[in-house]
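The values are calculated or read from the model by the stated rules, or taken from the named source; none is laboratory data. Note that the structure is predicted; figures quoted are calculated from it, not measured. No Cβ is skipped: glycine too gets one built from the backbone with ideal geometry, and neighbour counts run over all protein chains shown. Accessible surface areas use protein heavy atoms only, side chains included; no ligands, DNA or RNA. Shrake-Rupley method; radii C 1.70, N 1.55, O 1.52, S 1.80 Å.
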Amino acid sequence: MLALFRRELQIGVRTGNGALTGVLFFLAVVAVIPFGVGPDLNLLARLGPAILWIGALLAGLLGLERLFQADREDGSLDLMLLADSRHMMALTVFVKCCAHWTVNVLPLVVVTPLLGLFMNVEPAGILAATATLAVGTPAITFIGAVGAALAVALPRGGLLVSVLVLPLTIPVLIFGVAAARGAVADPDPFLPPFLILAALMLFFAVIGPLAASLALRWGGD
Amino acid sequence: MMRLAAEGLGGERGGETVFSGISFTLGEGEALTVTGPNGAGKSTLLRVICGLLPALEGKVQFFGGGEAFPDVASACHYLGHRNAMKAELGVEENLRFWQEFMGEAHLPPFEALEMVGLGDIGHLPFGYLSTGQRRRASIARLLVSYRPVWLLDEPTSGLDKASEAQFADLMGVHLEDGGMIVAATHLPLGLKGAQELRMGEAAG
C-alpha cells in the first residue's frame, strides 16, 4: 500500500500540472471576488472565509475525474481489482484518494493563508480557515472518488463528476464555513462545527472508498 | 496439486451472449490456447475467468492454491491489451511497484527485464519505449511476482520474431515449473501439447 501511495505521488509530481491548475484556479476565484464585491474591506473580511471555502471546494473538484480514468486507460485498474484478495479494493481507493489529496489539494490548503490576506481576513480567521480546509477537504476527495468511480468509463466525465459530487459536498461546506466564521465572529462557536466537520470527513473516509470500490467492480467492462 | 476448472461458462458483452457452455480443466504444467475470429469472445472469456467480468452462467474454480492463492483472481496474472504501466515512471520503477503491490515476489525487476531483453533500458520512462518494447516490459511484469495461472490476451501483438521465440521460452519455463497458461491468440505461440479451444464456431 505504501508502494501505491509512493507511485501515485511520483506520478502526480512528475505530471505536475494537477496541483498547479488547482492553485491557479483557486487564486483566480479568490482574486476576482474583491473586484466583484467592491472595495468594502469590512464586507470582504466578513465574506473571506466563505470565499476561501468555495474556491477551495471548486478547485478540489478539478482533476478528480482522472482519479481512476488514467488507471483504467492503461489497464492498471484491472490488476488492482484482481489484487482484491490481497489488498481490499476499498483500501486501494482510500490510498489513491490520500495520494490525490496530497498532490492536488494540499497545495490549496498551503496557499490559503496568502489568499486570506487578499481578502483582508484577520489572522485568527486565516488560521481557522486553513485548519478547517485541512480537515474538510479530504472529505471532498473521498466523496469525489465515488463520482469518479461512477464516471470512470465515460470519455468526458469531468462535468458529470462535479455535478454528481457537488450536492454531497454541501454539508462539508456548511460546517467548514461555520467553523471558519465562528473563529472571528464572536457569538458563534468554533469548536462544535469544527468537530462536526471532522466527523463528516471521517464518515466519508469510510463510505467514499467503499462505495467507489463497489462502483469500480461492477462498472467494469 | 493445483487445478483450474471452468464449468459451463457463459459470458455476455453489452447484453448479448457471446459464448456459453465452455468447460475446461487445466492441471499443473498445462496450457490452453483460445482461438477464433474477432468478436468471438476470446477476451471476454479471459476476463470472465479471472472475475473482471461476471459470468453469465457456470463458474470457474481454482483448487490447491493453499493460503497464497485462495481464489481464481488471486492466482492469476492478467496480461490484457493494455500494459498497465505508467508512462511517467521508469520501466524498472513500474515493475518494482507491481512487485510490491502484487506480492509473492519472484524475480527482481532487473532480472525480469534481462529475461525479456530490456536489461539496459530499465531506467527509461515507460513512455519512451516502442510498442514492442512496451509489450516486453509488461511481459516482464509476469515474472516479478509469482502467479500459477497466466491469462494472456494476444500476448505477442507487436513483438518481433526473436521476442516471440524468447516469450515462448519463458512460457515453456513457466509450464515446466508447474504453471498454467490460458492464451487467446491468432498466432501460434509455440506452446507444445497445449489444449485448444475454438470459439465462435459452435455458437455461430
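Values computed for the structure shown
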| item | result |
| --- | --- |
| Spatial separation of Cα centroids for segment B:132-171 and segment A:196-221, in angstrom | 36 |
| Binned Cα-Cα distance frequencies in segment B:74-204 - 10 Å width, integer % | 12, 45, 32, 8, 2 |
| The protein assembly as shown - share of DSSP beta bridges that are antiparallel (%, nearest 5) | 50 |
| Cα pair distances of segment B:1-68 binned at 5 Å [whole percent] | 4, 16, 27, 25, 16, 8, 4, 1 |
| Listing of segment A:201-221 residues, each with accessible area lower by at least 40 Å² in the full protein assembly than in the chain alone (probe 1.4 Å) | A:Asp221 |
| Histogram of C-alpha separations across segment A:29-96, 5 Å bin width, % | 3, 14, 17, 14, 9, 8, 8, 8, 8, 6, 4, 1 |
| Interface size A-B, as summed buried accessible area [1.4 Å probe, Å², nearest 100] | 2600 |
| Over the protein assembly as shown - Rg/Rh using Cα atoms and the Kirkwood inverse-distance radius | 1.08 |
| Average projection area in nm² (convex hull over Cα atoms of chain A, one quarter of hull surface) | 11.9 |
| Inter-centroid distance (Cα atoms) of segment A:14-37 relative to segment A:152-169, Å | 20 |
| List of segment A:74-110 residues, accessible area with partners at least 40 Å² below that of the chain alone (1.4 Å probe) | A:Asp74, A:Asp78, A:Leu79, A:Leu82, A:Ser85, A:Arg86, A:His87 |
| Accessible surface, per residue, of chain B when the full set of protein chains is kept, probe 1.4 Å, Å² | 42 |
| Inter-probe distance in nm under a simple model that places probes 7 Å from Cα toward Cβ, at B:Glu7 and A:Leu20 | 5.8 |
| Portion, in percent, of the accessible area of chain A that falls on carbon or sulfur, probe 1.4 Å | 75 |
| Surface share of carbon and sulfur [accessible, 1.4 angstrom probe, percent] for segment B:100-204 | 52 |
| Relative contact order (%) - segment A:76-170, alpha-carbon pairs under 8 angstrom, separation at least six | 23 |
| Under 12 Å, Cβ to Cβ, from A:Ala148 - net charge with Lys/Arg +1 and Asp/Glu -1 | +1 |
| Alpha-carbon centroid distance for the pair segment A:96-118 / segment B:69-118, whole angstrom | 33 |
| Cα-based Rg / Dmax (Å) for segment A:66-135 | 17.6, 52 |
